[in-house]
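Input: a single structure, listed below in structure tokens.
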Amino acid sequence: MSGLPKIDVEGLTSFIPENDIFEWLEKTKNPTPERVREIIQRSLDKNRLEPEEMATLINADSPELAEEIFEGARELKRRIYGNRIVLFAPLYVGNECVNKCEYCGFRVDNTEVHRKTLLTEELVAEVEALEDLGHKRLIMVYGEHPKYDAQYIHDTVREVYKVKKGAGEIRRVNINAAPLDEEGFKLVKEADIGTYQIFQETYHRETYEKVHAAGPKSNYLWRLNGLDRAMKAGIDDLGIGALLGLYDWRFETMALLYHTIHLEETFNVGPHTISFPRLEPAVGTDIDKITEKYAVSDFDFKRLVAILRLAVPYTGLILTCRESKELRDEMLSFGVSQIDGGSSIGVGSYSNSDPEDFKKSQFLLGDNRSLDEIIRELCDAGFIPSFCTGCYRKGRTGEHFMEFAVPGFVKRFCTPNAVLTFLEYLNDYATGDTLEAGLRQIDREVEDMPESKAKDELLERMKQVRAGERDLYF
Ligand code: SAM
Ligand code: SF4
């Protein structure tokens, strides 16, 4: 198998009911505070919300009701997610691309971007540089090009898992790449990937077809059904997302919920994560013009994140370095569960920093803090950074994950695993203020745990980590 998959949309349909979305958004205008509170309560009782309920929250746009929604999201976060924040880094493998996505620096007709695909030794150097920082979880990102076929993705993932420098190793590789056919997904699964992430960019079909004028990505249905093919091929750990600024965020947020419901109804498994990147400036690209009509303000962005938190209480929410530190900090309290840290998005720029890096980048970052800085600040704000990769290695994905994703899950697995992986990080990579802040935070976290057998076991494993054992998890 080589090259891009043959696109076959026979029998494929859209599960995004555009008219229903518009109708719900219209019918639920001017909600009463009582109705909004009822919906927030249903979410606090850990129910996934229905489209009518999400539309009502979207229409609750006065500052007072928005604050109640924010507080609802904070409360849900406190009850379900605890203090842990999972950290990861993106690794750009190659920026060649045959598509013409209007908004992306990598699009085929952008002459200002420097094209680059990592050679094997360069890939290894990138991974070593990431391991030196302490990273354990990566998301590998690829343009869409015959070079980057399923075999190539499989081989590069395998290569990354092989790299071990000092105490470093990568324990989970997620993928952000073009949708494959079932055969391709099966091959990539064999490389032991974590999540396969595909963003629909915009679920609004007319807009989708306008901004993706050429190339395989121009086919809306092929992309929309991409994660169904992944699921059929046995990848049950999936990430969905919408790129904000192309169309009305209200529509996109509703469509993310419909995509979730479609996966739940068809496969009994919802998405593992949802991403909601806002469009960022990119080399050779007029982003202001593209987002002229639908740019999402900070206030609306916070609302949509809080609403997503309430609508899908058990789904991980990912926020990236595209956003500023101030906004990221605020949204962590709404239940964002994963962020990237110390990211570099030029192809090859972890190991080989070049002042012209931005010319190899897909877009420009809003948060340039180092991983060390982010970790220190997370600790000072009462969060516990986590490098945990326990679930997928223990088979807690897909339906199994849904079974486990009940109250108590975070307490049983996530928090102890966060403590163990963070302690490893502190032992192996941290110094000075970060080390002190981190150890203080671990003490606080462990002190807050009620006495139990599980706590005794955690304390025992912490001793083992201090004595030099690695990769212990529940
Ligand atoms: N080529 C694959 C694809 O398009 O699905 C995967 C890699 S692509 C580089 C990853 C994601 O970057 C896209 O799905 C899109 O949401 C996001 N992206 C593209 N241009 C962007 C921009 N200017 N600002 C923010 N995100 C952008
Ligand atoms: Fe290529 Fe993906 Fe960028 Fe589109 S978003 S131009 S497919 S890399």
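The values are calculated or read from the model by the stated rules, or taken from the named source; none is laboratory data. Remember, it's a predicted structure, so these values are computed and weren't measured experimentally. Methodologically, a virtual Cβ is constructed for each residue, glycine included, from the backbone with ideal geometry; neighbour enumeration extends over all protein chains shown. For accessibility, only protein heavy atoms count, side chains too; no ligands or nucleic acids. Shrake-Rupley method; radii C 1.70, N 1.55, O 1.52, S 1.80 Å.
Averaging 1/r over every pair of different alpha carbons in the range 59-122 and inverting the result gives a Kirkwood radius of 16.5 Å.
Applying 0.36 nm per residue to the separation of Arg35 and Glu265 and subtracting their alpha-carbon distance, the gain on full extension is 80.1 nm. Cross-link partners of Lys164 among lysines, defined as those whose alpha carbon lies under 16 angstrom from its own and excluding same-chain residues fewer than eight positions apart: Lys136.
Just the protein heavy atoms count here, and of the accessible area of the range 78-386 at 1.4 Å, carbon and sulfur take up 47 percent.
Listed peptides 87-96, 410-419 appear in the order 87-96, 410-419 once ranked by packing, highest mean of other Cβ atoms within 10 Å at the front.
Here the Debye sum runs over all C-alpha atoms of the range 203-335 as equal scatterers in vacuum, and log10 of I(q)/I(0) at q = 0.09, 0.12, 0.18, 0.19 Å⁻¹ comes out as -0.28, -0.50, -1.12, -1.22. In the context of the full set of protein chains, residues of the range 78-386 present 33 Å² of accessible surface per residue (probe radius 1.4 Å, heavy atoms only). Placing pseudo-labels 7 Å out from each Cα toward the beta carbon at Ser297 and Lys27 gives an inter-label distance of 2.8 nm. In order along the range 24-32, the phi-based Karplus estimate (6.51 cos²θ - 1.76 cosθ + 1.60, θ = phi - 60°) of 3J(HN,Hα) comes to 4, 5, 6, 5, 9, 4, 6, x, 7 Hz; Gly and Pro are listed as x. When only alpha carbons are used to place a centre, the range 226-275 and the range 123-173 end up 25 Å from one another. Reducing the range 375-400 and the range 439-470 to their Cα centroids gives an inter-centroid distance of 15 Å.
Report the FRET efficiency, 1/(1 + (r/R0)^6), for Asp61 and Ser370, where r is their Cβ-Cβ distance and R0 is 22 Å, rounded to 0.05.
The computed FRET efficiency comes out at 0.05.
The equivalent ellipsoid that matches the C-alpha gyration tensor of the chain spans semi-axes of 31, 29, 21 angstrom, in descending order.
For the residue pairs Lys165/Lys394; Lys302/Lys394; Lys217/Lys411; Lys186/Lys289; Lys29/Lys302, the alpha carbons lie more than 31 Å apart in Lys302/Lys394; Lys217/Lys411; Lys186/Lys289.
Report the gain in length on full extension from Ser452 to Thr120: 0.36 nm times residue separation, minus Cα-Cα distance, nm rounded to one decimal.
Working: separation 332, 0.36 × 332 = 119.52 nm, distance 4.79 nm.
Roughly 114.7 nm would be gained on extension.
Taking the DSSP beta bridges with both ends in the chain, the antiparallel portion is around 10 percent. For the peptides 425-435, 440-450, the ranking by mean Cβ contacts within 10 Å, running from highest to lowest, is 425-435, 440-450.
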